[in-house]
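Novice: Structure below; questions to follow.
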Amino acid sequence: MADLLIQNLSEVATALGVEPLRGAEQGRVERLSGVEVVCRDGRIAFVGPSAERMARFGEMAGAERLDGEGGTLVPGFVDPHTHLPWAGSREEEFRMRLAGATYQEISASGGGILSTVAATRAAGEDELERLVLGRMDRMLAWGTTTAEAKSGYGLDRDDELKQLRAIHRASEIHPVDLVPTLLAAHEVPPEHRDTRERYVELVCEEIVPAAAEAGLARFCDVFCEHGVFTVEESRRVLESGRRWGLAPRLHADEFEDSGGARLAAELGALSADHLIAISPAGIEAMAAAGVTAVLLPGTSFFLMKHTYAPARHLVEAGIPVALATDCNPGSSHTESMPMIFVLAVYELGLSIEESLTAATLNAACCLGLGEEIGSVEEGKRADLVLLDAPNLLHLAYHYGVNPVAAVVKGGRVVFTASPP
Ligand SMILES: [Zn+2]
């Protein structure tokens with residue numbers, strides 16, 4: 001594999017380190033000018049001035065070159081919360097919502113997530129893989145190089161495993177890396193509406209072991225929310241996951257304070273996600289336990305709730321904050337991390353630097369990948385995004401456009417916005 005030399009950059013902007021940044025540190029982003037980047041064997045081998053690069057690596061005559069054209073280089077975005085393997089589409093339900101129906105009302109009338117469950121159960125594994133690949137193409141074009149992807153629209157053993165296999169197959173052939181999560185406890189399936197206890201048992205005793213034994217999942221997730229799974233049920237599912245080697249993460253406190261954040265702290269989860277309705281006790285517990293808050297402002301935006309997670313309180317409490325798309329057909333239909341970045345700055349009140357850390361290093365750390373990805377520094381995997389922007393600030397300042405000029409994955413240029 002040829003070395004890659006990235007030159008003519010106006011700026012390299014990155015958080016540094018292998019641990020999540022929290023509190024005042026969350027906004028500690030290096031903005032370097034006059035530097036070049038060398039990638040070797042898929043990793044970042046050098047970040048520094050041209051003269052130093054010449055001294056260490058010489059002319060690099062055989063290397064590939066990426067002309068930065070005065071742009072800004074940032075770490076590849078890491079999207080730590082998506083629901084990629086779904087079939088079907090819910091634009092009619094979206095129109096109902098525009099006419100005034102709430103998400104909960106649509107769910108109660110048999111629409112919502114259960115319509116996606118029906119479509120996903122009916123889809124074959126090949127079709128799901130194709131759908132996932134299409135979404136990964138859009139992710140890559142918007143700068144995402146690693147994403148978490150959840151099952152959760154199968155809600156029975158075979159269909160959950162089918163979703164996880166589609167994630168694996170897509171990840172093997174696409175430049176974007178996917179990290180798989182079992183979310184069998186996303187909703188109670190229709191056939192268990194009157195026997196929900198039996199479904200929780202099925203998840204704990206059949207679906208979790210089957211996914212773990214097949215090596216198809218790294219994490220176990222649960223939708224802990226009033227009207228979905230209780231704290232007690234969520235604890236059972238996540239403890240079962242942990243017995244089978246799947247680390248816990250949670251959908252917590254999205255619509256009301258359901259105790260999910262406190263459960264995440266109690267279990268030492270890698271993340272608690274959503275947190276729009278988190279209580280002061282939940283904030284205190286997460287801070288003490290060091291649980292990362294994954295915020296999904298696209299959901300607040302798409303559901304038009306005008307209520308966002310208390311991001312500033314979370315940062316000030318010393319909780320590492322990460323950002324994700326929540327890409328799914330019902331409550332946040334986007335693959336774009338730059339869109340989420342804009343919402344984080346405009347609606348969550350995070351600074352541009354805090355948002356960059358949240359969309360890269362902190363997101364990587366909450367997937368257990370902080371040693372590998374999430375920053376532009378020597379030794380890390382060369383997953384990089386070249387922005388068509390003179391500095392980092394444009395990532396929020398120039399909104400509604402795709403800022404990505406090129407994407408480097410594992411030291412290779414895998415995407416360019418215009419033909420090279
Ligand atoms: Zn979700």
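Novice: Within the set of pairs 6 or more residues apart or between chains, which connect a residue that is at pLDDT below 95 inside segment 1-17 to a residue that is in a loop (DSSP other than H, G, I, E, B) with Cβ atoms less than 8 Å apart?
Specialist: Listed by first residue and then by second, the contacts come to MET1/ASP41; MET1/GLY42; MET1/GLY411; ALA2/GLY62; ALA2/ALA63.
Novice: Right, here's the next one. Can you find, within segment 277-307, the residue that is farthest from GLY330 (Cα to Cα) among those that are surrounded by fewer than 21 Cβ atoms within 10 Å (Cβ to Cβ) and within 16 Å of the ligand (Cβ to nearest atom)?
Specialist: Ranking the candidates gives ALA277 first.
Novice: So, one more: Given the criterion among the hydrophobic types (A, V, I, L, M, F, W, C) and surrounded by fewer than 16 Cβ atoms within 10 Å (Cβ to Cβ), identify the matching residue among ALA99, ALA123.
Specialist: ALA99
Novice: Is there any pair linking a residue in segment 179-196 that is over 15 Å from ALA166 (Cβ atoms) to one that is not in a helix (DSSP H, G or I), with Cβ under 6 Å and at least six apart or on different chains, and which?
Specialist: Between residues of segment 179-196 that are over 15 Å from ALA166 (Cβ atoms) and residues that are not in a helix (DSSP H, G or I), the close pairs are ALA185/VAL222; ALA185/PHE229; HIS186/GLY152; HIS186/PHE223; PRO189/LEU155; ARG196/VAL188.
Novice: Further question on the same structure: Would you mind stating whether SER151 is within 30 Å of MET339 (Cα to Cα), out of contact with any Phe, Trp or Tyr (no Cβ under 6 Å at 6 or more places or on another chain) and away from the ligand (no atom under 16 Å from the Cβ)?
Specialist: Against the criterion (within 30 Å of MET339 (Cα to Cα), out of contact with any Phe, Trp or Tyr (no Cβ under 6 Å at 6 or more places or on another chain) and away from the ligand (no atom under 16 Å from the Cβ)), SER151 does not qualify.
Novice: One residue is enough: does segment 147-163 have a residue meeting the conditions free of Cβ contacts under 8 Å to residues at least 24 places away in the same chain and farther than 27 Å from MET304 by Cβ?
Specialist: yes
Novice: Does ALA322 satisfy being outside any loop (DSSP other than H, G, I, E, B), within 15 Å of the ligand (Cβ to nearest atom), touching a Ser or Thr at 6+ places or on another chain (Cβ under 7 Å) and over 22 Å from LEU98 (Cβ atoms)?
Specialist: yes
Novice: A further question follows. If you check GLU354, GLU347, which single one turns out to be buried (at least 24 other Cβ atoms within 10 Å of the Cβ), acidic (Asp, Glu) and away from the ligand (no atom under 16 Å from the Cβ)?
Specialist: GLU354 is the lone residue from the list that is buried (at least 24 other Cβ atoms within 10 Å of the Cβ), acidic (Asp, Glu) and away from the ligand (no atom under 16 Å from the Cβ).
Novice: Report yes if PHE255 is farther than 25 Å from ALA364 by Cα and in contact (Cβ under 8 Å) with a residue 60 or more places away in the chain, otherwise no.
Specialist: So PHE255 passes the test.
Novice: Hey, another quick one. From the list ALA247, ALA269, ALA261, exactly one residue is more than 13 Å from the ligand (Cβ to nearest atom), surrounded by 24 or more Cβ atoms within 10 Å (Cβ to Cβ) and under 19 Å from GLY152 (Cα atoms). Which is it?
Specialist: Selected residue: ALA269, the only one of ALA247, ALA269, ALA261 that is more than 13 Å from the ligand (Cβ to nearest atom), surrounded by 24 or more Cβ atoms within 10 Å (Cβ to Cβ) and under 19 Å from GLY152 (Cα atoms).
The values are calculated or read from the model by the stated rules, or taken from the named source; none is laboratory data. Keep in mind it's a predicted model, so treat the numbers as computed, not measured. A quick note on method: Cβ atoms are made from the backbone with ideal geometry, for glycine too, and the neighbour counts reach across all protein chains shown.
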